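The values are calculated or read from the model by the stated rules, or taken from the named source; none is laboratory data. All values derive from a computational prediction rather than experimental measurement. Here the Cβ positions follow ideal geometry from the backbone for every residue, glycine too, while neighbour counts run over all protein chains shown. Accessible surface areas use protein heavy atoms only, side chains included; no ligands, DNA or RNA. Shrake-Rupley method; radii C 1.70, N 1.55, O 1.52, S 1.80 Å.
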Amino acid sequence: MSMGKSGLRSLDYSILQQCMHCGMCLPVCPTYAETRRERHSPRGRIALLRAIADGELAMNRAIAEEMNYCLGCLACTSACPAGVDYGTMVETARAEAEELRILATPKRDFIRWSTMRVLFTRPRLLRLVGRLLWLWQASGLQALSRRWRLTRLLPTRIRELEPLTPRICAKFSHQIIAPIERPRDGGVKHRVLVLTGCMQDLMFSEINRATVDVLLENGCEVHTPPAQFCCGSLHAHNGDHATAQLLARRQLDAIDPARYDAIISNAGGCGSHLRHYDRLLAGETAYSERAREWTRKLKDIHEWLVEIGFRRPAPCGEHRTFNIQFPTPHQTANAEVRGSMLEVGCSRSGDRGRSAPVTYHESCHLCHGQKVSAQPRAILRALPGVELRECAEATWCCGSAGIYNITQPRTATWLQERKVAHLRATGAEIVALANPGCHLQVANGLRAAGCVSTRVVHPIVLLAEAYAAERSTRSDVGQAP
Amino acid sequence: MNAPDSLEGKLREHLGVPAVLTAQEDLLPYAFDGTAALRQVPRAVVFARSAEQVATVLRLAGAAGVPVVTRGSGTGLSGGSVPVPGALVLCLVEMDRILEIDTRNLTLRAEAGVITQQIYDAADAAGLFYPPDPGSMKVSTIGGNVAENSGGLRGLKYGVTRDYVMGLEVVLADGSICWLGNKCVKDVAGYNLRDLFIGSEGTLGVITQVLLKLLPKPAARATLLATFAQMDAAAETVSAIIAAKIIPCTLEFLDQKTIRCVEDFAHVGLPTEAAALLLIETDGHPAAVADEISRIEALCRERGATTLKRAADAAEATRLATARRSAFSALARLRPTTILEDVTVPRSELAAMIRFVGETAARYRLEVATFGHFGDGNLHPTFLTDERDAGEMHRVEEALKDIFAQALALGGTITGEHGVGLAKRSFLRGQMGDASYALLKAVKRAIDPDGLLNPGKATE
Ligand SMILES: Cc1cc2nc3c(=O)[nH]c(=O)nc-3n(C[C@H](O)[C@H](O)[C@H](O)COP(=O)(O)OP(=O)(O)OC[C@H]3O[C@@H](n4cnc5c(N)ncnc54)[C@H](O)[C@@H]3O)c2cc1C
Ligand code: SF4
Ligand code: SF4
């Protein structure tokens with residue numbers, strides 16, 4: 001069996017050899033926790049990949065499925081004292097399996113082609129589809145088809161997934177963010193570019209708005225190109241190396257990192273991939289230098305804010321904590337939920353001086369992929385009227401893992417329930433997290449568990465609200481007689 | 001799928017299909033444990049959930065003449081759970097229940113596959129303390145700890161796993177199930193058979209349950225980080241602390257290479273310029289702790305410590321201990337293969353032994369990093385090499401021979417806590433002497449006459 005250049009055999013052997021099979025990664029691996037079989041553990045998977053590289057084992061269906069069973073959560077890389085680069089191994093192995101078409105079926109080929117090659121390479125088309133989906137939801141057709149049980153006509157697997165369809169925002173990022181925005185007071189200390197993401201743009205454009213607001217509050221001139229390309233993380237994580245490279249090149253054609261002090265990402269999954277453009281394009285002379293510059297400049301929003309010493313929002317007089325100024329799609333989904341949310345957000349009269357307990361769920365690709373873990377907490381701690389409560393297994397995957405909840409529903413649901421149980425145990429009224437996939441997975445899980453009053457929100461949205469509350473207190477004071 | 005009358009077929013019949021692995025991709029990950037450069041794919045892997053199932057497995061394997069290698073989490077560092085050719089691996093990780101915490105007698109009873117950290121946590125939740133804390137405690141099983149008689153960071157004051165084992169359930173090669181020991185503090189009825197199985201490396205029987213002794217939680221603890229400009233100064237400080245009749249619970253040592261690798265991984269603020277570092281912890285009554293830690297500080301200063309830093313709180317102390325536990329794996333950052341040794345000498349000989357390790361590495365042109373449980377006289381000289389370089393691997397072997405010989409000459413042992421396994425079996429006779437070695441083999445023959453259990457381990 002021969003393999004192209006992307007295969008395991010051509011992978012730098014030292015990456016495979018780096019694992020000394022000490023097992024320190026076993027306790028953090030969700031799939032090992034689920035089965036207790038070494039094959040489903042990081043060191044077991046590495047042993048299999050090494051056996052393939054050694055020519056002792058052929059890439060076959062079992063291995064390809066094994067690599068898809070792996071969440072790609074990278075928890076093993078945080079736990080590994082030896083510094084094993086498991087991320088590269090898993091992506092290489094998945095690419096090899098795809099190249100050999102081991103799991104290929106006409107249906108799978110069509111789905112992969114239409115999503116990864118068509119939809120997620122054409123930003124305008126993606127927005128169009130998003131807009132149609134929004135119409136379907138906003139017009140009440142979705143509710144109607146559910147009521148009339150038209151969904152029964154769908155194939156089983158799709159029917160199971162239908163309730164998972166995310167709610168699309170009424171307005172996308174470019175409709176609420178100007179291409180260039182400058183701080184109110186005019187004092188510009190940094191010039192940054194904000195990446196709006198695909199999922200984030202369609203479903204959570206308010207997070208992008210909040211990101212811009214928070215940057216403006218901290219002396220940044222913010223550039224947000226209205227049309228942006230997909231970062232390619234979906235492709236890289238799912239074995240489509242060529243498209244990932246193509247998208248990275250387009251991104252670099254469109255954006256010159258040298259013009260900015262930082263390129264800001266606010267979604268854990270995208271950031272983790274965006275950071276590695278240097279590696280992805282290392283072999284391409286025309287791009288490698290620019291890709292290195294890009295990687296140097298790429299910052300997660302929390303990381304950047306802590307780096308520039310973000311301004312702590314002042315406690316607003318009567319602890320008017322968190323008004324729902326940017327309701328998330330799920331909150332607006334029905335009026336009942338919205339009612340209780342508002343109560344949670346504003347301090348009730350009997351509750352003066354009480355602070356809202358918030359807990360932080362770490363998105364895998366933010367904490368393990370980017371090693372950004374302390375900074376979001378620093379931001380949450382800086383919020384007035386909020387008490388940060390740590391959650392057990394905060395760094396465990398919630399089961400979203402890209403498209404994992406679609407491909408491996410059993411494990412995804414098990415992880416979702418485990419996550420929700422830990423979140424609930426904290427008694428927190430607000431769950432903060434920073435990745436759209438996690439956002440949907442956790443919100444769906446909480447809803448399934450009947451926790452309709454728990455608010456799921458990006459830490460940056462909370463910070464933006466705190467700045468906004470501060471301003472309105474100031475203007476209140478100004479208006480006082 | 002194997003024929004129904006094959007060993008695997010019968011195992012499936014008795015233990016269920018999912019409990020028996022035979023596919024190549026299932027077996028390859030069981031070809032190794034935590035030891036470098038040892039590898040052997042087993043013929044099958046079986047997961048047992050009870051002593052009765054273990055007995056069934058042993059009877060069936062015995063009848064088929066197939067050797068059985070018991071495995072916990074496979075973190076062993078002497079090849080103990082690396083399969084022998086044609087072996088069946090019997091894995092106990094699914095026997096993971098804590099069965100009883102007896103707060104009146106201060107004991108805990110658990111199945112053998114429970115993870116060490118969970119034993120510690122369960123005791124802690126009951127206001128009690130299980131002291132043995134091997135570096136691998138988040139991963140290793142309690143059965144593996146007993147089978148290796150593992151030590152840990154607290155060995156100096158609290159001893160090793162053996163000191164906490166009050167009773168054991170073991171399944172013998174013929175499938176009989178024995179309980180050895182009980183909750184009594186004193187018991188001299190019969191030979192002390194329980195102790196025979198502690199440290200037996202899976203060669204005498206399969207441990208299925210353990211009854212552990214717990215202690216009251218120490219009321220206070222203090223943690224100190226001391227750095228030195230020379231390794232000798234650190235070694236002499238340890239001797240001075242012991243000579244001053246202070247018994248800290250932890251006295252760990254890291255050399256510069258180890259410090260740098262650990263810091264690279266853990267980012268806990270270790271001083272990477274120091275030639276040597278001691279991590280010292282005392283625990284007990286608050287007044288005693290305060291007194292001991294200041295006397296230790298004074299001794300460190302007298303011996304030329306370059307910096308002294310106390311952990312601000314329990315969280316920082318835990319971070320430092322966790323960082324120390326990653327030392328061995330963190331060293332793998334430097335070279336592809338890390339060959340870790342475990343020689344132990346009387347504490348008065350520590351400085352001499354450390355010096356010898358350094359000289360030996362230089363003589364054989366090898367890269368070595370050393371860390372260890374200094375308070376126990378237990379060193380982990382770790383050779384950083386590449387298993388694909390045959391010439392260098394040969395020099396490592398020669399260096400190890402010299403180091404073992406020197407340890408024995410100083411009145412020490414070839415292994416303080418990792419066991420003999422495959423890696424050191426050719427050196428055991430040399431340490432024990434012919435008569436003692438013959439006794440050891442006679443015991444093995446008496447208990448496992450057909451050589452069913454982990455044959456070729458510990459002895460040749
Ligand atoms: C990073 C790291 C740090 C370590 N630090 C320490 C340390 O500080 N101190 C220390 O002493 N060791 C240490 N070790 C070594 C190792 O973790 C211990 O030997 C541990 O006790 C092994 O437990 P295990 O469950 O992984 O057993 P395994 O490796 O699976 O087995 C070890 C041996 O025990 C036998 N065995 C396992 N379970 C049973 C059973 N139920 N009945 C009978 N025999 C059984 C096996 O056959 C084998 O011979 C470390 C290892 C690593 C990788
Ligand atoms: S991946 Fe890292 S932690 Fe896991 S076994 Fe390999 S070296 Fe150890
Ligand atoms: S990426 Fe996650 S699921 Fe995959 S091996 Fe690592 S810890 Fe396990």
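If R₀ is 25 angstrom, what is the calculated FRET efficiency for the pair B:T272 and A:A282, using the beta carbon separation as r and rounding to 0.05? Once the sixth-power term is evaluated, E becomes 0.30.
With an 8 Å Cα cut-off and a minimum separation of 6 or more residues, compute the relative contact order for the range A:347-435 in percent.
41 percent
Using a cutoff of 8 angstrom between alpha carbon atoms and counting only pairs six or more residues apart, the relative contact order for chain B works out to 15 percent. Across the range B:334-432, the mean sequence separation of Cα contacts (distance under 8 Å, 6 or more residues apart), normalised by length, yields a relative contact order of 36 percent. Per-residue shielding of B:42-48, expressed as the average number of other chain Cβ atoms within 10 Å of the residue Cβ, stands at 1. Of the whole protein surface, A:R424 contributes about 130 Å² of accessible area at a 1.4 Å probe radius.
Inter-label distance, B:Y437 to A:A170: 8.6 nm, where each label sits 7 Å from its Cα along the C-beta direction. Each part gets one Cα centre, and for the range B:284-329 versus the range A:393-457 those centres are 40 Å apart.
With 21 Å as the limit on Cα-Cα distance, the pairs of B:K157/B:K257; B:K213/B:K457; A:K297/A:K419; A:K299/A:K371 that go past it are B:K157/B:K257; B:K213/B:K457; A:K297/A:K419.
Averaged over peptide A:33-39, how many Cβ atoms belonging to another chain are found within 10 Å of each residue's Cβ?
That works out to 6 on average.
Each of B:E302 and A:S373 was given a label point 7 Å from its Cα along the Cα-to-Cβ line. The distance between the two points is 4.1 nm. Each other residue within a Cβ distance under 15 Å of B:K444 adds +1 if Lys or Arg and -1 if Asp or Glu, for a net charge of 0.
For a straight C-alpha distance cut-off of 18 angstrom, the aspartates and glutamates reachable from B:K138 (same-chain residues fewer than eight places away being disregarded) are A:E34, A:E38, A:E393, B:D33, B:E94, B:D96, B:E111, B:D121, B:D124, B:E148, B:E417. Note on A:Y13: accessible area approximately 50 square angstrom, rounded to 10, probe 1.4 Å, nucleic acids and ligands left out.
Label separation (A:T88 vs A:R101): 3.0 nm, computed from points 7 Å beyond Cα along the C-beta direction.
Note: chain B, Cα convex hull, 146 Å³ per residue. At the residue level, A:C19 shows approximately 20 square angstrom of accessible surface with a 1.4 angstrom probe and all protein chains present.
Separation of the range A:285-304 from the range A:180-202 is 17 Å, based on Cα centroids. Shielding of peptide A:42-52 by partners, expressed as the average count of other chain Cβ atoms within 10 Å per residue Cβ, is 3.
Working value for the protein assembly as shown: equivalent-ellipsoid semi-axes of 51, 34, 28 Å, each the square root of 5 times a Cα gyration tensor eigenvalue, largest first.
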